[in-house]
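Any read-out appearing in this document is the output of simple, stated calculations on the displayed coordinates, not a laboratory observation. What you are looking at is a predicted structure, and each value in this text was computed from that prediction instead of being measured. Every residue, glycine as well, gets a Cβ built from its backbone with ideal geometry; the counts of neighbours run over all protein chains shown.
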Amino acid sequence: MNKPIDNHDNEHHPYVDNPGSPLPPKEGHVSQGRFERVLRDGHFAVTSEIAPPDSVDADEVYRRAALFDGAVDAINATDGSGANCHMSSVAVCALLSHIGYSPILQISCRDKNRIAIQGDILGAAAMGVCNVLALTGDDVSSGDHPEAKPVFDLDSVSLLTTIKTMREESRFLSGRKLDLAPKVFAGSSINPFVPPIESRVLQLRKKVEAGAEFIQSQYCFDMDILKSMMKRAVDMGLTEKAFILPGVGTLASAKTAKWLRSNVPGVHIPDSIVKRLEGAEKQKAEGQKICVELMQQVKEIEGVSGVHVMAYRQEEFVTEMVDASGVLDGRKAWAPTGWVDTART
Amino acid sequence: MYSLRRFASKHSKAYEVVYKFVEPPILASLTWLNKVAGDRFDKPITWMEKHTKGALFDCQMCGNCVLSKTGMTCPMNCPKTIRNGPCGGVRANGNCEVKPEMKCVWVEAWGGASKMRNPQEIELVQFAVDRSHQGSSAWIRLAKERDKEKQDRKQAAIAEDVS
Ligand code: SF4
């Protein structure tokens, strides 16, 4: 049996205080989580995501999270991504918070109405979750239960408004008072790479106005589009109000790239990337090299606060790629040192 | 009807002018009707609204009309009923993630809004629809709300005069 063990031996680390429960409150911080601390302290942050398992095995969650140790500041737990059924993101985040990780609870509006969502926010915060990512979500037709009823009672912007209402006004949307408000750091996603490209920055502003304090983007393989959007975001003052973490990814092969861009809605991969993969001898290694370069390029863009690494089915390479990119400037992201995977030892 | 709906988004400016022109008399007559007849005519009015807006905009009678703020494009035709769209799934050709044969409603909306006199209206945050209004008339609700605001203002003015 694998057990999480509390271990506070890393005394010199600035974010080590009391893992497993929120950090002490800090002036100017909305949450007591480590992710917000890293960002507000001005560090370039790295986030990644785990696909929740199709299982009741809590150790599997820890095993997947441990792959990122040292390289990732916060871990997104996807919420039925691609409209496929997996372990709930609330449960994954509760497990991860329990041993000190800083998970980001993804909430998709596809499966729950405003009653269920507000309940989940309270429940997750009660279990130590400090970050929430508001998503509209993919349609049910793209997943393994196309016959399910899509909910979409809220959209991502309304969900952000909801989080802010609960946190700042300590009440439900109905007006009913909360005895203790959820102190969560709120985020959302953007996709600057699909039409209407011109309006995407205005939509980003809408999200920031609605309460997004951090933003993660869809896969970015087209630096020109990202740069021009970021420039406008900086000019509008949006990067002063929200931390922006563009998303980068690894492509296993040119075939995967082609499949992704024609089958997964919202994924834009320029031909130049496909060609580069096709021309490479070892396509998988080339895909990782591209990812490393993208991280480095993203870091150079004005107004960017971090990077979100999506390495679906290549999670074990994330640490290596982050190290190779040098984006952490030698900083080691905090990770619980006490968890022992007895299945492997 | 899809073609008429798209026509409205494309010619949002003309629709806006017509809308600005017809809105006051419609609301004024509804307010008057409500005063003299109460809710006796609510059903036929709702029927009329449903059929005119239905034909022109594919209106879904959500009861929370935002047409004038969304480039004369009804957001309830978005399969995810997003009020602050578009989502991140729009296809490269501008078509919808869920219905590949349909133009993304929100691509049309931003396009429509850019032609209107108040293009910034679409940039305002719209909170999710109040589903309890589904099927009811947005016109009647708006007429009542405007009338109430007017009465409140009157009351406030009287209160100020007295004090
Ligand atoms: S692509 Fe457009 S119309 Fe389709 S679900 Fe997304 S926002 Fe709605």
(request) From other protein chains only, count the Cβ atoms within 10 Å of every residue's Cβ in A:194-207, then give the mean. (result) 6
(message) Taking beta carbons within 10 Å but only from partner chains, what does the mean come to for residues B:118-129?
(response) 5
(message) Just to confirm a number: summing +1 for Lys and Arg and -1 for Asp and Glu over residues other than A:Lys299 whose beta-carbon lies under 15 angstrom from that of A:Lys299, what do you get?
(response) -4
(request) Taking the Cβ of each residue in B:Tyr2, A:Tyr62 as the centre, tally the other Cβ atoms inside 10 Å and list the residues starting with the fewest. (result) B:Tyr2, A:Tyr62
(request) For region B:86-96, just list the computed ³J(HN,Hα) in residue order, Karplus coefficients 6.51, -1.76 and 1.60, θ = phi - 60°, integers in Hz, with x standing in for Gly and Pro. (result) x, 7, x, x, 3, 6, 4, 8, x, 8, 6
(message) Among B:Trp139, B:Trp110, B:Trp47, which one shows the highest mean-square fluctuation when chain B is modelled as a Gaussian network with alpha-carbon springs under 10 Å?
(response) B:Trp47
(request) Calculate one ³J(HN,Hα) per residue across region A:280-295 by plugging θ = phi - 60° into the Karplus curve 6.51 cos²θ - 1.76 cosθ + 1.60, and present them in order as whole Hz with x for glycine and proline. (result) 8, 6, 10, 5, 5, 5, 5, x, 6, 5, 4, 4, 4, 4, 4, 4
(request) Rounded to the nearest 500, what is the 222 nm mean residue ellipticity of the protein assembly as shown from helices alone, with -39500 (n - 2.57) per DSSP H run of 4+ residues and division by all residues? (result) -13000 deg cm²/dmol
(message) Can you tell me, using C-alpha contacts under 8 Å and at least 6 residues apart, the relative contact order of region A:75-118 as a whole percent?
(response) 43 percent
(request) Can you tell me the relative contact order of chain B? Whole percent, Cα pairs under 8 Å, sequence separation 6 or more. (result) 31 percent
(request) Give, as a single signed number, the net charge of other residues whose beta carbon lies under 11 Å from the beta carbon of A:Asp111, with Lys and Arg counted +1 and Asp and Glu -1. (result) -1
(request) Give A:Lys183/B:Lys150; A:Lys241/A:Lys289; A:Lys206/A:Lys299; B:Lys10/B:Lys99 a once-over and call out the pairs whose C-alpha atoms are over 30 Å from each other. (result) A:Lys183/B:Lys150; A:Lys241/A:Lys289
(message) Pick from A:Lys282, A:Lys332, A:Lys227 the residue whose mean-square fluctuation is largest in a GNM of chain A, springs joining Cα atoms under 10 Å.
(response) A:Lys282
(message) How shielded is A:154-164 by partner chains, expressed as the average number of their Cβ atoms within 10 Å of its Cβ atoms?
(response) 5
(message) On a 18 Å Cα-Cα criterion, which of the cross-link pairs A:Lys164/A:Lys227; A:Lys227/A:Lys282; A:Lys164/A:Lys207; A:Lys177/A:Lys207 come out too long?
(response) A:Lys164/A:Lys227; A:Lys227/A:Lys282; A:Lys177/A:Lys207
(message) Under 18 Å between alpha carbons, and skipping anything fewer than 8 positions from A:Lys284 in its own chain: which aspartates and glutamates qualify?
(response) A:Asp271, A:Glu293, A:Glu315, A:Glu316, A:Glu320, A:Asp323
(request) Once you've got the GNM for chain B with C-alpha springs shorter than 10 Å, pick whichever of B:Met72, B:Met48, B:Met116 has the biggest mean-square fluctuation. (result) B:Met48
(request) Go through region A:330-336 residue by residue and turn each phi into a ³J(HN,Hα) via Karplus (6.51, -1.76, 1.60, θ = phi - 60°); whole Hz please, and just put x for glycine and proline. (result) x, 6, 9, 5, 5, 8, x
(request) Counting other beta carbons within 10 Å of each Cβ, put B:Glu16, A:Glu147, A:Glu320 in order, fewest first. (result) A:Glu147, A:Glu320, B:Glu16
(request) About the Cα centre of the protein assembly as shown, how large is the charge dipole given +1 on each Lys and Arg Cβ and -1 on each Asp and Glu Cβ? Please answer in debye to the nearest 20. (result) 2040 debye
(request) Arrange the following residues from fewest to most other Cβ atoms within 10 Å of their Cβ: B:Thr46, A:Thr162. (result) B:Thr46, A:Thr162
(request) Quote the relative contact order of region A:34-344 in percent (integer), defining contacts as alpha-carbon pairs under 8 Å separated by 6+ residues. (result) 20 percent
